[in-house]
Every structure is written in C-alpha cells, then in structure tokens.
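So the structure is just underneath, and the comments pick up after that.
The values are calculated or read from the model by the stated rules, or taken from the named source; none is laboratory data. Source: prediction; values computed, not measured. Reconstructed Cβ throughout: ideal geometry from the backbone, glycine too, with neighbour counts over all protein chains shown. Just the protein is used for accessible areas: all its heavy atoms, side chains included, with ligands, DNA and RNA removed. Shrake-Rupley method; radii C 1.70, N 1.55, O 1.52, S 1.80 Å.
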Amino acid sequence: MDGDARINPYLAGNFAPVRSEDDFDLVVKGEIPAGLRGALFRIGPNPQFEPRDPNHHWFGGDGMVHGFYVADGKVAYRNRYARTPKWELEHEHGRSLFGSFGNPMTTDPLAMGNEGGVANTNIVWHAGRLMALEEGHQPFEMDPKTLESKGYVRPYAGRVTAHPKIDPVTGEMIWFAYGVGPMPLSAGMSYGITDGAGNVVRRSDFQAPYGCMVHDFMVTADHVLFPILPLTASLERAMSGRPAFAWEPEKGSYVGVMRRDGDVADIRWFNTEACYVFHPLNSWEEDGRIVCDVMRYDVAPLFPNADGSPGQKAAARMVRWTFDLNGTSDAIQETPLDDLDGEFPRVDPRVETRRHRHGWYAGETTGSGTVRMNAIAHLDLQTGRRQVYELTGGDATSEPVFVPRAADAPEGDGWLTAVVWRAAENRSDLLVFEAQDVEKGPIATAELPRRVPFGFHGNWAAID
C-alpha cells in the first residue's frame, strides 16, 4: 500500500512499505561487465504493520534486506524481512506493538520487557557474516544467499550502531555505540574492535558531553573520532510526550579524538559551531593532523525542535574538517569542498581510513532540501572536477556503492551501482556505471517489476 501522505509522509509514495518477499530474475538492458560478480545488499525500513504512533518516523520501520545477485551478465533479486524478536512478536499478534524509538508511552503492554530492535539501517559483510545493523542493538545475521534470518550475533554483548568501519589493511571492524548504560537515551557510549576473524577483542565505555544521536563516526589508521552534535536524546522529554530526539543547537558541537589503541580517559574534545553530520565520506591523518571529509548540515533534518515544533528543512554539503593534534586550539578548521546538495557519500572501500582521491554520493539538484536525491555525483578531490548524472521525471536514487574492477586495481577503478526509483512507473531499477564516468549514464540497467522503497545503506560483497 502507498498510504496517505496527509497521514504520514513516511508511509506514502516510495517510502511506503512493500510487504511481499519475492524472488525475481531481472531484465537486463545494456551489458553487465563480465568482471562484475557478487551481490549488492541494500537495507531500509519497511514496517510489517501500520505503526502505532501517528507521528511514526522513517527511522523506526522493520528492516528489510534487498539482495541483487550479479554473475555472468545476469541479475537475480531477492528480498526478505530481518525477522528480529520484535518482528516475530508482532507477526505472532498480527499488529504493531512497539512505540517509536522504544517509547514506553506508545508501546502496547504485550511488548513491555521485550527488546524492539529493527535491524534496518546498514548491511555489512565482515568475517564471513552478513550483518544487519541499526542504532541500538546487536548485529543481526542474515544468510548471504537465502537472506534467511539467523539471529543476533551474541559475542557483541550489547548494542552496536549502524556504521562500523572496516580497516582494509588489518581487517578489523571498528565500531561504537551510544545511549549505553542503565538509562536509555543517556550520554553513555562504547568503543569496540572486532578482529578480522570476527572476535570482539575490545569494548570500552565512556561518557559523552551529552546524550544525542551519534549516527556515524570517523576512523583513520590510528585514531577514532566521535561526533557529539546537538540532535539531542532525552528519555524525560519522550515520557512527557515530546520528541525523544530533537534539535538543540545551544548544546554546541563536539568531536572526541582518541588513538585506536588508546584509553577512553584520554579522549580530547574538539569543538565547532552547531551543525549535524549523518555521514562522513572518509578520514585520514597526515603531518600531525586528522582530516575528515563529511556531509554537513546547518541543522539536523528530519527531526523536530525540543519543544516539539517542526524542524527546518536542510540539505548537506561536503566540507573538510581538520583537527590539529599538535596545536593548542581545540577548534575544528572547516573548508568547503563542494556546492552540490547531497547525502550518502562513499569511497573505494580499499582506501577507507586512508587518504582518498575519489568520492561518490547521491546529489540533489532542485534545492528541495529533502532526501529524495535525484542525481549521482563523482568528485575527484585531486583535480576538483565533479561529474553528475541527473535523473528526470521525479526519479530518485539510493546510496551509490563502489565495486573495484579487481583487488589490485588503482583506487576508483571499477563500477558504481545504485538502485533508483522510477516515479512514473512506481518501480525500481539497478543501474551500473563506470565509476569515473558517471555523467555518461549507466552502462547497464536491471529492471525490477516493482518498487524497492527508499532505504538507507548498501554494500557489495564478493560472494559466489
């Protein structure tokens, strides 16, 4: 169903749930490169039942994984729900039971004492496991071929957020969590490391300056950076009927910096003016400085103010944050990198945590200040040249995902994959581009017979 935008925009159009689980062989136009073999996994919120909360937020829907399996010039598609304990309990009772962000004020008594993880935000491949991640629970494992749910990966022994970083040199997965402690929505945080074999080898807790939504973080070869930005979290506010997460710019913005092998007691807090970052592009270090390229908003989009009044529309643009580790100032130096609105920035995963040249992102050329991105952009940070492939007719793109041409190919040599919504036909396509020539358009298109709803993140896995 496509819902009614007058009721909730996150249940309408291509935000609306697709509740069927299907297997399709896709029609391919153009030519899928012979060297492109593996699977593109995407994930997003897809409520199993109509939400209880009339102010249902996009971030709160049940996770659904979409797999595009590519081999020998053909593409097969499969989608399945992440059957979390929440999904199973609601499936048993045939209706929604959990309130938004676990708010007990909007939760059915049948769900009290049960965990409400949705596994809907990112899907990562590490140490032979395909894991669905979200803001506040353990990784949820899915079978990479069948997409059968396998359950929580218990060795993590606590929540892990959706954006770990995988070091391409060591194979480690570096991760964090927020809202850690006996009280939900608190300022407690965790920092952790999983080795290349999948063993959790470190978990350390610390206190941030205040409780907030820490959606992503930054990692270099030797350091980790924790952004504490004023999209604040408050259980007291939620219990009084106001938003659990809200924009409070007077809190200021902080970024904590520590060595990956350091002690959390030694975190150094840098600061900048109030802003929000959902996603960095990449980070590295050189000459006693840390450099982070991030998509920066002036205000946090998609969330209200602390008094419950509507927040502002806002768009992000790419900027460079520089942290001088040898200096005495704790101010973050900021330099604009691009003037196109955008989100979901990605690099070649083989240079993550190291200096990069190439970046890709979903762009927005109409100035709408929404997440309905209508373009795919490539930015060469060495030459400063930007290429844009613009969609028309109301079509919109998901996050672009880079795939190397070969393991030893130069950085940026490969293909770019993206799932786009065809608005007029209300269905989706998988597009494949030459990664450094996106403005020429896709070299291949795999057509779906129906929609893949707007989601969050995707990753490529070189599975057989």
**OP:** Mind listing just one residue for me: the one in the range 90-111 that is in a loop (DSSP other than H, G, I, E, B) and not charged (D, E, K, R) and, of those, most open to solvent (accessible area, probe 1.4 Å)?
**Re:** G94
Subject >> Top-ranked residue in the range 300-329 [being aliphatic (A, V, I, L, M) and within 18 Å of T232 (Cα to Cα); ranked as most open to solvent (accessible area, probe 1.4 Å)] >> reply: L302
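In the set T397, T383, T365, T392, which member is free of Cβ contacts under 8 Å to residues at least 60 places away in the same chain and under 20 Å from the mean Cα position of the chain (by Cα)?
T397
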Original post:
Just one of the numbered conditions (1) surrounded by 17 or more Cβ atoms within 10 Å (Cβ to Cβ); (2) assigned to a loop (DSSP other than H, G, I, E, B) is not true of M295; which one?
Top reply: (2)
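Return a yes/no flag: does the range 377-387 have any residue that is among the small types (G, A, S) and within 25 Å of V452 (Cβ to Cβ).
yes
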Subject >> Single match in N79, N46 (criterion: among the polar types (S, T, N, Q) and either over 14 Å from F15 (Cα atoms) or open to solvent by 10 Å² or more (accessible area, probe 1.4 Å) (or both)) >> reply: N79
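For (1) among the acidic types (D, E); (2) in contact with a strand residue (DSSP E or B) (Cβ under 7 Å, 6 or more places away or on another chain); (3) within 17 Å of A375 (Cβ to Cβ); (4) open to solvent by 10 Å² or more (accessible area, probe 1.4 Å), each residue gets a yes or a no:
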| site | (1), (2), (3), (4) |
| --- | --- |
| E411 | yes, yes, no, yes |
| V438 | no, yes, yes, no |
| G441 | no, yes, yes, no |
| A444 | no, yes, no, no |
| F456 | no, yes, no, yes |
**OP:** Identify the residue in the range 164-186 that is without any contact (Cβ under 8 Å) to a residue 40 or more places away in the chain, within 19 Å of A233 (Cα to Cα) and out of contact with any Lys or Arg (no Cβ under 9 Å at 6 or more places or on another chain) and, among all such residues, is surrounded by the fewest Cβ atoms within 10 Å (Cβ to Cβ).
**Re:** P182
Original post:
Of (1) within 23 Å of V347 (Cβ to Cβ); (2) without any contact (Cβ under 8 Å) to a residue 12 or more places away in the chain, T161 satisfies all except one. Which?
Top reply: (2)
Subject >> One residue from L379, L337 being within 22 Å of E439 (Cα to Cα) and open to solvent by 10 Å² or more (accessible area, probe 1.4 Å) >> reply: L337
Original post:
Given (1) in contact with a Leu (Cβ under 7 Å, 6 or more places away or on another chain); (2) buried (at least 16 other Cβ atoms within 10 Å of the Cβ), where does V351 come up short, assuming only one miss?
Top reply: (1)
**OP:** Report, by residue number, each residue of the range 409-451 that is touching a Lys or Arg at 6+ places or on another chain (Cβ under 7 Å) and part of a loop (DSSP other than H, G, I, E, B).
**Re:** E411, G412, D413, N426, L448, P449, R450, R451
**OP:** Starting from residues that are surrounded by fewer than 20 Cβ atoms within 10 Å (Cβ to Cβ) and of a type in the set (G, A, S), keep the ones in the range 355-376 and report whichever is farthest from R289 (Cα to Cα).
**Re:** S368
Original post:
Among A462, A406, A423, which is the only one that is in contact with a strand residue (DSSP E or B) (Cβ under 9 Å, 6 or more places away or on another chain) and either under 25 Å from G13 (Cβ atoms) or crowded, with 21+ Cβ neighbours inside 10 Å (or both)?
Top reply: A423
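I want to confirm something. Restricting to the range 226-274 and keeping residues that are in a strand (DSSP E or B), among the aliphatic types (A, V, I, L, M) and under 11 Å from C212 (Cβ atoms), which single residue is most open to solvent (accessible area, probe 1.4 Å)?
Of everything passing the filter in the range 226-274, A233 is most open to solvent (accessible area, probe 1.4 Å).
How many residues, within the range 45-103, are closer than 28 Å to L431 by Cα and among the hydroxyl-bearing types (S, T, Y)?
Going through the range 45-103, the residues closer than 28 Å to L431 by Cα turn out to be 45-48, 58-82.
Now restrict to residues that are among the hydroxyl-bearing types (S, T, Y): 69, 77, 81.
The number of residues fulfilling the criteria is 3.
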Subject >> Checking G359 against (1) of a type in the set (G, A, S); (2) more than 23 Å from A406 (Cβ to Cβ); (3) in contact (Cβ under 8 Å) with a residue 24 or more places away in the chain, the condition it does not meet >> reply: (2)
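Yes/no per residue for (1) of a type in the set (A, V, I, L, M); (2) in contact with a helix residue (DSSP H, G or I) (Cβ under 7 Å, 6 or more places away or on another chain):
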| site | (1), (2) |
| --- | --- |
| N374 | no, no |
| R386 | no, no |
| P404 | no, yes |
| E411 | no, yes |
| A444 | yes, no |
| G458 | no, no |
